[in-house]
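Inspection log for the structure reproduced underneath, given as structure tokens.
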Amino acid sequence: MSGPRSAALYERACRVLPGGVNSPVRAFRAVGGAPIVFERGRGVELVDVDGRVFDDYVLSWGPLLLGHAHPEVVDAIARAARDGTSFGAPCRHEIELAERVTSMLPWLELVRFVSSGTEATMSALRVARGATGRELVLKFSGCYHGHADALLVDAGSGLATFGHPSSAGVPAAFAERTLVLPLDDEQRLADLFEREGARIAAAIVEPVPGNHGLLLQRPQWLRLLRELCTRHGAVLVFDEVMSGFRVARGGAVELYGIRPDLATYGKVIGGGLPVGAFGGRADLMRQLAPLGPVYQAGTLSGNPVAMAAGLKTLEVLERERAWQRIEVLSAALERALAPVLAAAPQPVQLVRCGSKFWLSLQAGAPPRSAACVSSAAAARYKPLHASLLAAGIYLAPSAYEVGFLSILHTGAHFERLAAALARALSAECAEVRT
Ligand SMILES: *Cc1c(COP(=O)(O)O)cnc(C)c1O
């Protein structure tokens, strides 16, 4: 439940913002109740406008690997802002961030900055289409790539691979240029490339899909996708907006040792400010204006404040050896939750990749495709979420969103989570019996 001040503010919000929010999942529709309005964040802690304190496992949906308001990041932002927030012209910070990113991710020969993950994927696909002269794009069910028209597309019925709009307002004619396949299915992938390979400009995939639960992929499947793209001259785009700088220093590319042609970034790369990026093979990136015929632009792209936040975030992550620390931390999370999960009266398991984790409310092997994710989880998640919230633990307000760790989480946080989860799970069981 939200407190009285949150409730009052949300009521005001609903009069001026559609649904009271600027991004739909924030409205708590999936878990019921009104959203919480937050006042401030510091480290792992979030404080709402009613003064209630929460351990945060959402971390702005991923960007805050250093936690909220990291003092060095805040300083860098303040210093940059004092020198002017935007020039609409080249600045030192964007060049330094590009140098840092391309040195951390050596397969990124050239990179361009934008202001969101959506812009990054949309622009990467335009580059792929421009470079190949082809129109079709292949995506996979359960992967989210932001809200560009070409990507708000679901699989058609049955075995049809040509997509349908998943949102009103997306022209069917656009959606038809997006092919949709399930993850984790070699046969259908090979068949599709056999049939349509010569018309496919790009295949885009979240290599560590984290937007429909956490669907960990088999390396063989990802390798086959890489091979088929190469063989048929399609551009392979890894959408690392969530996994980049998070599942490993070099993201999923490092984790799997598979190199895409283009990759997209967002979230961690901006340290909490609006930054996205796409980059990869120089011959593809040289298609972009002003060098080539593919148009792409942004008034605030590469602005010094956002670039300074990203630069400082990556600098601190490197210095703190964040990715090694995160492995130790996530192992501690696993240890803390193990006895609770084992004793749970109903199925619940922890699926994890680096500092991304998902509490999956189903039995059996962790799902690898969207179709294998149980739709019954949503109803069970609702009371669990409310119970954890009441215990001061903020998890994503949807059963199909993952959780995130920062380098500031500690064993004490995990013990609190474990205890609250144990209570929530036993309450759930009592409810089932009554
Ligand atoms: C969050 C996300 C996006 C969209 O990024 P925005 O900054 O919200 O536009 C794209 N792809 C993936 C994998 C994401 O997780």
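Among the residues making up the range 328-366, those that are under 14 Å from HIS409 (Cβ atoms) and over 19 Å from the mean Cα position of the chain (by Cα) are VAL328, LEU329, ALA331, ALA332, LEU333, GLU334, ARG335, ALA336, LEU337. At pLDDT below 95 and among the aliphatic types (A, V, I, L, M) - does that describe any residue in the range 352-364? The answer is yes, given that some residue of the range 352-364 is at pLDDT below 95 and among the aliphatic types (A, V, I, L, M).
If only residues of the range 49-65 that are in contact with a helix residue (DSSP H, G or I) (Cβ under 6 Å, 6 or more places away or on another chain) and at negative phi are counted, the one that is farthest from the ligand (Cβ to nearest atom) is ASP50. Residues that are touching a Leu at 6+ places or on another chain (Cβ under 6 Å) and away from the ligand (no atom under 16 Å from the Cβ) do occur in the range 261-276. The residues on offer are LEU314, LEU284, LEU273, LEU291, and the sole one that is farther than 27 Å from LEU359 by Cβ and without any contact (Cβ under 8 Å) to a residue 40 or more places away in the chain is LEU291.
I'd like to verify a number: residues in the range 178-191 that are surrounded by fewer than 19 Cβ atoms within 10 Å (Cβ to Cβ) and over 19 Å from CYS372 (Cβ atoms), how many? Total meeting the criteria: 2. Applying a threshold of 9 Å to beta carbon distances and a minimum spacing of six or more residues, or different chains, the list of pairs starting in the range 105-128 at a residue that is within 20 Å of ARG246 (Cα to Cα) and ending at one that is away from the ligand (no atom under 15 Å from the Cβ) and of a type in the set (Asp, Glu) reads LEU105/GLU254; PHE113/GLU94.
Taking the conditions (1) touching a strand residue (DSSP E or B) at 6+ places or on another chain (Cβ under 9 Å); (2) away from the ligand (no atom under 15 Å from the Cβ) in turn, PHE245 satisfies each one other than (2). For the range 95-144, a tally of residues being away from the ligand (no atom under 16 Å from the Cβ), among the small types (Gly, Ala, Ser) and surrounded by fewer than 22 Cβ atoms within 10 Å (Cβ to Cβ) returns 4. If you go through the range 190-227 and keep only what is in contact with a strand residue (DSSP E or B) (Cβ under 8 Å, 6 or more places away or on another chain), away from the ligand (no atom under 14 Å from the Cβ) and of a type outside the set (Asp, Glu), you end up with LEU192, PHE193, ARG199, ILE200, ALA201, ALA202, ALA203, LEU216, LEU222, LEU225, ARG226. Of the helices (runs of 4 or more DSSP H) entirely within the range 181-273, those holding at least 1 residues that are of a type in the set (Lys, Arg) occupy 186-196, 219-232. Is it the case that some residue within the range 69-81 is within 16 Å of the ligand (Cβ to nearest atom) and part of a helix (DSSP H, G or I)? No - not one qualifying residue is present in the range 69-81. Each residue in the range 378-401 was checked for being in contact with a Gly (Cβ under 8 Å, 6 or more places away or on another chain) and either of a type in the set (Val, Ile, Thr) or within 11 Å of VAL58 (Cα to Cα) (or both), and 2 of them qualify. A count restricted to the range 356-381 and to residues that are among the hydroxyl-bearing types (Ser, Thr, Tyr) and in contact (Cβ under 8 Å) with a residue 60 or more places away in the chain stands at 3.
Could you say which residue among GLY33, GLY43 is out of contact with any helix residue (DSSP H, G or I) (no Cβ under 9 Å at 6 or more places or on another chain) and either assigned by TED's automatic domain parsing to the domain that holds SER167 or of a type in the set (Gly, Ala, Ser) (or both)?
Criteria check complete, one pass: GLY43.
Taken over the range 245-269, the criterion of being touching a residue at least 60 places away in the same chain (Cβ under 8 Å), among the small types (Gly, Ala, Ser) and crowded, with 24+ Cβ neighbours inside 10 Å is satisfied by GLY251, ALA263, GLY266. If I filter the range 304-317 for residues that are surrounded by 14 or more Cβ atoms within 10 Å (Cβ to Cβ) and out of contact with any helix residue (DSSP H, G or I) (no Cβ under 8 Å at 6 or more places or on another chain), do I get at least one hit? Checked against the condition, which is being surrounded by 14 or more Cβ atoms within 10 Å (Cβ to Cβ) and out of contact with any helix residue (DSSP H, G or I) (no Cβ under 8 Å at 6 or more places or on another chain), the range 304-317 yields no hits at all.
The values are calculated or read from the model by the stated rules, or taken from the named source; none is laboratory data. Quick caveat: nothing in here was measured; it's all calculated off a predicted structure. Cβ coordinates were reconstructed from backbone atoms using ideal geometry, including for glycine residues, and neighbour counts include every protein chain displayed.
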